[in-house]
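To start, the structure under review is shown below, and the notes come after it.
The values are calculated or read from the model by the stated rules, or taken from the named source; none is laboratory data. Keep in mind that what you see is a predicted model, and the values were worked out from it rather than measured. Here the Cβ positions follow ideal geometry from the backbone for every residue, glycine too, while neighbour counts run over all protein chains shown. Areas reflect the complete protein model, heavy atoms only, side chains present, ligands, DNA and RNA absent. Shrake-Rupley method; radii C 1.70, N 1.55, O 1.52, S 1.80 Å.
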Amino acid sequence: MICLRHFAVRLSEKATAGTATATTAAGWRRRRAAAATAWQQGGPQRARGAEVAASAGDKQQVMEVEVKLRLPGPEAHQQLAQLLAPGLVATHQQENYFFDGPGRELGSTRVVLRLRLYDGDKKALLTLKGEQVLVDGIGRASEVEEVLPDAAAARRYLQQPSELLALPSDIMKGLAQRYGLAELVGLGGFSNSRQEAAWRGFTLELDATTYPWGCVYELEAETDKPEELRSQLEELLQSHGIQYSYSTTSKFANFINKTLV
């Protein structure tokens, strides 16, 4: 699936199964701008992000390590999709929404709280992540994930974010205890079309990420041998004349800062 700017999905305008009100969309834009400021001004507290993420839901906590390669545009994305087609396992349409406390409690410590909806309402995944460190196309971040039991009902959190705090969730309990959170606010979100393909024993994820201001294309893969896999992927791309570069920022950072870097 090719991501085209003119058909960008404006998730801030579809917070429910229908269309969000103009007031809700405007509120999300204001909160995203404030969150961007908090994110950029993290200062000495930035290093606490991984610690905070690790403190919630210790049983599920992992260090996510992934190779992240940036593709220059839709042509390279389509060429790679055709190359990986024989190993295609699944294609998912993802909606990614983000939340913070009213005082930017999470953003100021570089912690990200995300609700991801898959293929409409087929799956809802709640994730708490520490700040991702990206070096030479390899990203590392602490991560805690929980699958919510009722994916269809999870969409109500887009209109009533604070109801997330009532979930019987280790993630939410940990955040509430650490920050004394009694309220959450929505920051908005973005969409992502992901193709998953099996390749040499790895699962490759080919992404076309749509923001209201443009699109980003990436190839990602989680692995415990990132340097080895990165070399193999570079060899694959180079042998087929597909241009690429090392990703230098996360999808969330592009969202919160309204960039495409």
Q | Boolean, Q132 is under 20 Å from Y211 (Cα atoms) and open to solvent by 10 Å² or more (accessible area, probe 1.4 Å) | A | yes
Q: Check Q82 against each of (1) at pLDDT 95 or above; (2) open to solvent by less than 50 Å² (accessible area, probe 1.4 Å) and name the one condition it does not meet.
A: (2)
Q.
Which condition from (1) under 20 Å from the mean Cα position of the chain (by Cα); (2) assigned to a loop (DSSP other than H, G, I, E, B); (3) in contact (Cβ under 8 Å) with a residue 12 or more places away in the chain is the one that I242 breaks?
A. (1)
Q. What are the residues in the stretch 150-166 that are in contact (Cβ under 8 Å) with a residue 40 or more places away in the chain and either over 20 Å from the mean Cα position of the chain (by Cα) or assigned to a loop (DSSP other than H, G, I, E, B) (or both), if any?
A. Q159
Q: Taking only the stretch 149-158 into account, find how many residues are open to solvent by 70 Å² or more (accessible area, probe 1.4 Å) and of a type outside the set (K, R).
A: 2
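Check E205, E146, E183, E196 and return the single one that is open to solvent by 40 Å² or more (accessible area, probe 1.4 Å), at pLDDT 95 or above, of a type in the set (D, E, K, R) and part of a strand (DSSP E or B).
Criteria check complete, one pass: E196.
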Q | Meets criteria (under 24 Å from Q132 (Cα atoms) and free of Cβ contacts under 8 Å to residues at least 40 places away in the same chain) for L181 | A | no
**Q.** Selection from the stretch 213-239 of residues that are in a loop (DSSP other than H, G, I, E, B) and among the polar types (S, T, N, Q)
**A.** T223
